[in-house]
Amino acid sequence: FKDRDLFDTELSASYGPPRDIEDYVWKAQIDCYEAERAMFEAYTRRKYRATGVIQWMLNNAWPSLIWHLWDHALRPAGGYFGTKKACEPLHIQYDDGENSISVVSDLPEATPLLSARVRLFDLSLAERFQYAASLTVPADGVTLVCELPDRQSFGKTQFLLLELLEPGGAPCSR
């Protein structure tokens with residue numbers, strides 16, 4: 001951690017080389033959003049089998065780009081919003097390890113019949129996969145929506161649109 005070489009290399013590989021300092025900070029915030037969100041989604045998907053989440057830092061004592069939910073001035077950072085999204089009481093999410101989509105509920109009661117929609121796009125925004133299902137999620141439980149197909153031929157960059165809808169069509173989680 002004496003320099004940012006590893007961070008900068010991965011940041012540029014994921015989001016392209018930064019154009020200037022504002023672009024660099026913006027991309028670092030997006031990276032932190034994704035990293036924190038993934039950490040909490042991985043835990044909630046495996047709750048009661050996982051041992052928990054160790055959050056390295058809630059906030060930094062000085063300006064920094066990584067590992068915090070609030071910055072040194074206690075302003076919410078990208079990681080805060082990623083954590084907030086991952087910890088929705090009713091949340092549709094992608095599991096990279098299982099190549100699947102699930103709905104996680106932290107509600108004390110089972111949900112009414114919900115609709116889940118999964119759409120996968122390649123970099124040119126051509127739809128490569130779609131799936132829709134009706135489901136009920138048990139109280140404080142996890143329900144598998146679907147497994148995704150082999151995506152190697154879809155290109156390096158892909159976009160998933162995950163939607164969880166209430167019976168009347170209002171969005172619960174996206």
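Here is how the numbers come out for the structure above:
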| quantity | calculated |
| --- | --- |
| Over the chain, relative contact order from alpha-carbon pairs under 8 Å, at least 6 apart, % | 17 |
| Structure-based [θ]222 nm, the chain - -39500 (n - 2.57) summed over DSSP H runs of at least 4, per residue, nearest 500 | -8500 deg cm²/dmol |
| In region 2-82, trypsin sites (Lys or Arg not before Pro) in a DSSP loop with at most 16 other beta-carbon atoms within 10 Å | Lys2, Arg4, Arg19, Arg46, Lys47, Arg49 |
| Gain upon complete extension [Ala35, Leu58; 0.36 nm per residue less C-alpha separation] | 6.9 nm |
| Asn99 versus Tyr48: modelled label distance in nm, points set 7 Å from Cα along the beta carbon direction | 2.8 |
| Linear extension gain, Asp5 paired with Ala110, 0.36 nm per residue minus alpha-carbon span | 33.1 nm |
| Long-range HN-HN contacts of Phe129 with modeled amide H, under 5 Å | Leu120 |
| Karplus (6.51, -1.76, 1.60) ³J(HN,Hα), θ = phi - 60°, over region 41-51, in Hz, Gly and Pro reported as x | 5, 4, 5, 5, 5, 10, 4, 6, 10, 8, 8 |
| Residue range of the chain that is longest and free of chymotrypsin sites (Phe, Trp or Tyr not before Pro) which are both DSSP loop and sparsely packed (at most 16 other C-beta within 10 Å) | 68-174 |
| Accessible-area value, Asp20, 1.4 Å probe, nucleic acids and ligands omitted, Å² | 80 |
| J(HN,Hα) series, region 4-10, from Karplus relation 6.51 cos²θ - 1.76 cosθ + 1.60, nearest Hz, glycine and proline x | 9, 4, 4, 4, 5, 4, 5 |
| Inter-part distance where region 103-174 and region 64-95 are each reduced to a Cα centre, Å | 21 |
| For the chain, with +1 on Lys and Arg beta carbons and -1 on Asp and Glu, the positive-most of Leu120, Ala73, Ala13 along the dipole | Leu120 |
| Probe 1.4 Å - accessible area at Val25, Å² to nearest ten | 60 |
| Cβ charges +1 (Lys, Arg) and -1 (Asp, Glu), total dipole of the chain, debye | 140 |
| Calculated FRET value between Asp23 and Ser124, using beta carbons and R₀ = 25 Å, to 0.05 | 0.60 |
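The values are calculated or read from the model by the stated rules, or taken from the named source; none is laboratory data. None of these values were measured; they are calculated from a predicted model. Quick reminder, even Gly has a Cβ in these numbers, built from the backbone with ideal geometry, and neighbours come from all protein chains shown. Note: areas computed on protein heavy atoms with side chains; ligands, DNA, RNA excluded. Shrake-Rupley method; radii C 1.70, N 1.55, O 1.52, S 1.80 Å.
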